[in-house]
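Heads up, the thing below is written out as structure tokens.
The values are calculated or read from the model by the stated rules, or taken from the named source; none is laboratory data. Keep in mind that what you see is a predicted model, and the values were worked out from it rather than measured. Reconstructed Cβ throughout: ideal geometry from the backbone, glycine too, with neighbour counts over all protein chains shown.
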């Protein structure tokens, strides 16, 4: 009778074989358990916390569902579970406008690389583009789309990629005859991002696989299994080939899309990770169900800071102009000073502020 190997034994055989051949492959790296890391900086870093004022017909506090930062550093777009998008001044965190048009949960917000256009989408089957030059007036409205989980602009192009809760990847903004049609081999896609040269898009979802596509042809470049469970978010480092993914397995994975190899793989929490934002060329912020934001050095795989303050799951992060913004189920929006974290390990105290509409 043949003896069946357990998954752990099988992975051990794979690792040993790879090591014997002198191969440092993705298979060998994935066979090893991810490093479990703790924050190097244990100081308390305070944030400036606000609650978004509900509209007149609502009394409950507004849960933050999506945020996007203006690349010029002036505006912050914040979506709430009341289906309203608020435009805030970054300097004062004062709400200057409320954008209404969605009929259900807004799951995704993004500015283009110039900061001139803001896109929003979610559960209601609408994709809306808002024009900054016209006081964020609605200038484009696509209806009867699928429910969308993530929409991102192509750097330097009048084009967007979108994914939702099925297999399809949508390229928007091109003439119909020039739009590639392609899909992944897994359902429930949650994240999409363009590389800075716009020559590649990365997609992640339920399978835990990272799917890399050529957005011009729709051709699949690579499929790599990175997470045990759903990928919830991913980003590219600016001007780099490295893609950073986070998933429901609590892992952060750094993947080199040019060499097609894993650079770093680390478990930062026993909970789930929902969101990741680029801080600079070496660091990202990640957060999820354990109410903690971690600043991860993607070069050496260490956690530089663990930021406490939220008392509910953190669903969304964005960074711009030396500031990190976070929001989630505790119905607060928080601002953290990246520059102060870099300059000092001392406590940063900004205080709390409640904002009127």
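Of everything in region 108-127, what is more than 21 Å from residue 89 (Cα to Cα) and under 20 Å from the mean Cα position of the chain (by Cα)? Give them in sequence order.
Within region 108-127, 121, 122, 123, 127 qualify.
Do we find a residue being within 12 Å of the chain's Cα centre (by Cα) and either free of Cβ contacts under 8 Å to residues at least 60 places away in the same chain or within 14 Å of residue 150 (Cβ to Cβ) (or both) anywhere in region 204-220? Yes, region 204-220 has at least one match.
Against the test of being over 22 Å from residue 87 (Cα atoms), buried (at least 20 other Cβ atoms within 10 Å of the Cβ) and either over 21 Å from the mean Cα position of the chain (by Cα) or modelled with pLDDT of 95 or more (or both), the options 178, 195, 174 yield a single qualifying residue, 195.
The single condition among (1) under 15 Å from residue 207 (Cα atoms); (2) touching a residue at least 60 places away in the same chain (Cβ under 8 Å) that residue 249 does not satisfy is (2).
The set of residues in region 131-146 being free of Cβ contacts under 8 Å to residues at least 40 places away in the same chain and either in a loop (DSSP other than H, G, I, E, B) or within 21 Å of residue 320 (Cβ to Cβ) (or both) consists of 131, 133, 135, 144, 145, 146. Of the strands (runs of 3 or more DSSP E) lying entirely inside region 87-128, those containing at least 3 residues that are farther than 17 Å from residue 53 by Cα and at pLDDT 95 or above span 106-111, 117-122.
Going by the structure shown, is residue 214 modelled with pLDDT of 95 or more and over 18 Å from residue 233 (Cα atoms)? Considered against the rule, which asks whether it is modelled with pLDDT of 95 or more and over 18 Å from residue 233 (Cα atoms), residue 214 comes out as yes. When you check residue 157 against the structure, is it part of a strand (DSSP E or B) and more than 28 Å from residue 89 (Cβ to Cβ), yes or no? It is false that residue 157 is part of a strand (DSSP E or B) and more than 28 Å from residue 89 (Cβ to Cβ).
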